[in-house]
Amino acid sequence: MTLFGDPAIWLPLAFAALMGLSILIYVILDGYDLGVGLLFPFATPDERDRMVAAIGPFWDANETWLVLAVGLLLVAFPLAHGVILTALYLPVAIMLIGLILRGVSFEFRVKAPAPHKWAWNTAFFAGSLMTATSQGWMLGLYVMGLDYTGVNVAFAAAAAVFLSLGYALIGAAWLILKTDGDLQRKAVAWARRSIWGVAAGIAGISAATPLMSQRIWDKWFSVPEFFLLAPLPILSVVLLAVLWFALRRLPTEDDEFAWLPFTATVGLMVLAFVGLAYSFYPYVVPERMTIYEAAAAPGSLFIMLIGVLFVVPVIIGYSALAYWVFRGKATELRYD
Amino acid sequence: MEALDTLLLSRIQFAANISFHILFPTITIALAWVLVFFKWRYNRTGDYDWMRAYFFWVKVFALSFALGVVSGITMSFQFGTNWPGFMESVGNIAGPLLAYEVITAFFLEAVFLGIMLFGFRKVPGWLHTFATVAVAVGTLLSAFWILVLNSWMHTPQGFEMRDGVAHVTSWMEIIFNPSMPYRLIHMLLASGLTVAFIITGIGALRWLMGDRSHELRKTMRVGVWMAALLIPAQIFMGDMHGLNTLEHQPAKVAAMEGNWETRSNVPLVLFALPDEAARENRFELAIPNGASLILKHSADGVVPGLNDFVAEDGTVEHPPVAPVFWSFRIMVGIGFAMLALSWAAAWAMRGGRDVEGLPRPLLWAFVPMALSGWVATLSGWYTTEIGRQPWLVNGVLTTDAAVGDVAPGMVMSTLISYLVVYAVLLVAYIGVLIYLTRKQAQGNESEPRRGDDTGPAINPVPAE
């Protein structure tokens, strides 16, 4: 096979695919628990406990996909890792502090004395907000080429708002799936309010990327690519319509279709991600450095690939086990 | 000047991050195995007190684990934000080792943690036991890969340099580099001792608060025996590690001993103020021939001195002396305090005297010693890491060559933010530990005294 002929070609490609997959899984999985954190101020104290119970057994593993994604960037594309992370120095630091606050609040809010609980609830919300907005900011700035110009900063700010709304949507959709009663009804209302932001965000980024770069414009708006790619925007519109319609009707009497908003939101995220990945390939630093220029030595990539290919199916297997054990509506989390 | 500021600030920031981070893995690595032990005892005996001990300590584990995860994520980003030169130069070696740490270990821990923490009533007993073991194996693998990389940075081998970039020639040589076995075992024992003293420290506090439960007696016995057995092993292992360092990084050992001239009959310096400008020790208090005896096993053994590591033009090529000298002494001092306390306690508890046998001053001594493992582990790491300077990878890459081009003001602002967050979290962590301790002590005090009851029959199918 010619594809596997030159390891300097297919190894970087394989790692780019793995890194992309990790980012996508991260955005979906940690997206829903960050989203639940963003919705915290709108819930009553009892509801907050149930919301945490809905994500408690999963968040640790969800966040680990970020470590894998940045780890793959670090180890497979060491040159790009330095360029990207030094350009995003401050937002990365804000995100990390956000992740710290969010992560430890899970533990502290249930273990600290009751009078201190409000402080950890606040830290949980603040941490989720810092993480979501800084990730949106980084996405916006990355899409615009990592330069701090007026337009780019405005775009990054808008992306920060839209990604937070996207996380709020998938968080609400997760709650629709994992809770019932008043909280579920509330979650449906939250989802309805955030869906517009998500639509605007996807449209905004879809419009901005081809306008930013002639290369990306040509990749989308030439024949036959234009027709081959048409399913992406069409499916996105269909999914948005399904979501909008479902949120009018939910919750149903017998809890049918509670899975639909979450599934549709995941679908939207996958489509948006595929579009972005198609636009930016083969660049890892937009318009500056390709994955082939940034890649580590083929020998080192190969030894990592063996490990990754052996372990990723195992990870997916026991993640499925964890989700199976904690399936159904969320119940109170107990150690004993 | 500007580059120097960024360098110094980045080093302080990395030191702050990694110091904060290591506190929590130091607890979780060994505490995970203690939890496996509790679960195993419960499975074997059906004595529900072991599960009570498990549920109390699993809370401490969960809290420590969360702090370890979030501070660990910070570390993986720091390589890129502050030290891009590290991955550019030795990324082909550091990359796969870090990747193996993440993929084999991190996920094993994080995924099974949910079942371990919240799954006792949801899954069969064998699966809960399995999840506990999986988390313990995960923390161990995590430690293994990280210590492989760290040891390689001290004693690099198995690679060749091409155009300033390290390329692998032998993975076996990289993984089993000369200092790895010593450093790994030294760190695992340090983790065991840290946990042993946290268990006994919190246990002693509960006892002093009036808790006389069987669960507490069991954990106290486990903690005291763990401490008493591990500390001699650690002192022996530390000595072996020192000899290994003497072979591969003599400048570090010279700084640890505060020895300036290469000579025979070197004394063991107990106290001194090393003066790097005058290149001598002030107010020295020493045991004649001590260092020669320890390092060379003969009174006239020749021990390398710091003055051998100054270039012709006066450039200093050895680590800063005072921090290495002092952190080493703090570590060793705590080690001997641990020995004295744990053996005294084991003696006092002999022959069924149990916790009642411990005199009150001894119980009170255990309470502050709960944090002794942390202090000793940190001083040990400062000894070895500051002792590696001015190298980042010994003989391959200097620290100042790896630092990123970030404005000092930026590094300063993030450094201050991290320090504030870490200080708050550390206070909160210790506060919650004390709160949980008090709650547990009060809960057990108000409960009726139990004999051999087996607790509520909620897990009728113990594993095996």
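The table below gives the values:
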{"item": "Cα extents of region A:89-227 along the three principal axes, largest first (Å)", "result": "62, 37, 21"}
{"item": "Lysines with Cα under 27 Å of residue B:296, excluding same-chain neighbours fewer than 8 positions away", "result": "B:252"}
{"item": "Simple label model, 7 Å out from Cα along Cβ direction - residue A:196 to residue B:297, nm", "result": "8.1 nm"}
{"item": "DSSP H segments from chain B that extend 30 Å or more along their own axis, Cα-based, with Kyte-Doolittle mean of -1.0 or above", "result": "B:2-45, B:48-82, B:125-154, B:180-208, B:214-248, B:321-348, B:408-446"}
{"item": "Electrostatic dipole magnitude of region B:7-70 [Cβ: Lys, Arg +1; Asp, Glu -1; Cα centre; debye, to 20]", "result": "60 debye"}
{"item": "Pairs of alpha carbons in region A:1-155 whose separation is greater than 20 Å (percent)", "result": "56 percent"}
{"item": "Filter on A:329/B:439; A:186/B:59; A:111/B:218 - keep pairs with C-alpha separation over 27 Å", "result": "A:329/B:439; A:186/B:59"}
{"item": "Residues residue B:165 and residue B:247, FRET efficiency given R0 of 41 Å [Cβ-Cβ distance, rounded to 0.05]", "result": "0.90"}
{"item": "Distance-filtered residues of region A:295-336 - backbone nitrogen under 20 Å, label point 7 angstrom along residue B:121 Cα→Cβ", "result": "A:322-336"}
{"item": "Shape call, region B:127-270: gyration tensor on alpha carbons, a/c limit 1.5", "result": "oblate"}
{"item": "Volume of the Cα convex hull of region A:7-322, divided per residue and given in Å³", "result": "137 Å³"}
{"item": "With Cα atoms, 0 to 90° folded angle of helix A:7-38 axis to chain A main axis", "result": "20 degrees"}
{"item": "Gained length - residue A:157 relative to residue A:6, 0.36 nm times residue gap less alpha-carbon distance", "result": "50.2 nm"}
{"item": "Linear extension gain, residue A:214 paired with residue A:254, 0.36 nm per residue minus alpha-carbon span", "result": "9.3 nm"}
{"item": "Residue (of A:128, A:158, A:230) at the positive-pole extreme of region A:7-322, dipole from beta-carbon charges", "result": "A:158"}
{"item": "Cα-centre dipole for region A:7-322 with unit charges at Cβ (Lys and Arg positive, Asp and Glu negative), debye to 20", "result": "380 debye"}
{"item": "Top positive-direction residue, dipole computed over the protein assembly as shown with Cβ charges, set B:26, A:189, B:184", "result": "A:189"}
{"item": "Debye, to nearest 20: dipole size of region A:262-336, +1 on Lys, Arg Cβ, -1 on Asp, Glu Cβ", "result": "200 debye"}
{"item": "Dimensionless Rg over Rh [region B:74-210; C-alpha; Kirkwood]", "result": "1.10"}
{"item": "Folded to 0 to 90 degrees: helix A:45-55 orientation relative to chain A principal axis, Cα", "result": "40 degrees"}
{"item": "Relative contact order (percent, whole number), chain B, Cα cutoff 8 Å, 6+ residue spacing", "result": "22 percent"}
{"item": "Length-normalised contact order for region A:7-322 - Cα pairs under 8 Å, 6+ apart - percent", "result": "23 percent"}
{"item": "Average silhouette area of the protein assembly as shown, convex hull of alpha-carbon atoms, in square nanometres", "result": "37.4 nm²"}
{"item": "Inter-label distance, nm, simple model (7 Å from Cα along the C-beta direction), residue B:285/residue B:262", "result": "3.2 nm"}
{"item": "Over chain B: helical MRE at 222 nm, DSSP H runs n ≥ 4 each giving -39500 (n - 2.57), nearest 500", "result": "-24000 deg cm²/dmol"}
{"item": "Interchain or long-range residues, amide H under 5 Å from residue B:397's placed H", "result": "B:392"}
{"item": "3J(HN,Hα) from dihedral phi, region B:294-300, Karplus parametrisation 6.51/-1.76/1.60, rounded to Hz, x for glycine, proline", "result": "5, 8, 10, 6, 7, 4, 9"}
{"item": "Computed E for residue B:439/residue B:235 - FRET, C-beta separation, R0 35 angstrom, nearest 0.05", "result": "0.45"}
{"item": "Length released on extending from residue A:292 to residue A:230, taking residue separation times 0.36 nm less the Cα-Cα span", "result": "19.5 nm"}
{"item": "Order of A:30, A:6, B:49 - criterion: other Cβ atoms within 10 Å of each residue's Cβ, fewest first", "result": "A:6, B:49, A:30"}
{"item": "Residue-count net charge about residue A:311 - beta-carbon cut-off 15 Å; Lys, Arg +1, Asp, Glu -1", "result": "-2"}
{"item": "Rounded to 10°, Cα long-axis angle of helix A:59-76 versus longest principal axis of chain A", "result": "10 degrees"}
{"item": "Under-5 Å amide H pairs with residue A:290, H placed in peptide plane, nonlocal only", "result": "A:284"}
{"item": "Average beta-carbon neighbours from other chains, 10 Å sphere, peptide A:293-305", "result": "4"}
{"item": "Packing-based exposure ordering (other Cβ within 10 Å, fewest first) of B:64, B:191", "result": "B:64, B:191"}
{"item": "Modelled FRET efficiency - R0 25 Å, residue A:310 with residue A:273, Cβ distances, 0.05 increments", "result": "0.50"}
{"item": "For region B:1-71: relative contact order, % (alpha-carbon pairs under 8 angstrom, 6 or more apart)", "result": "41 percent"}
{"item": "Residue B:212 versus residue B:16: modelled label distance in nm, points set 7 Å from Cα along the beta carbon direction", "result": "4.9 nm"}
{"item": "Positive-pole candidate from A:263, A:85, A:119, dipole of chain A, charges at beta carbon", "result": "A:119"}
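Every number here is computed from the coordinates shown, using simple stated rules; none is lab data. These figures come from a predicted structure and were not determined experimentally. For neighbour counting, all protein chains shown are included, and Cβ atoms are generated from backbone atoms with ideal geometry for every residue, glycine included.
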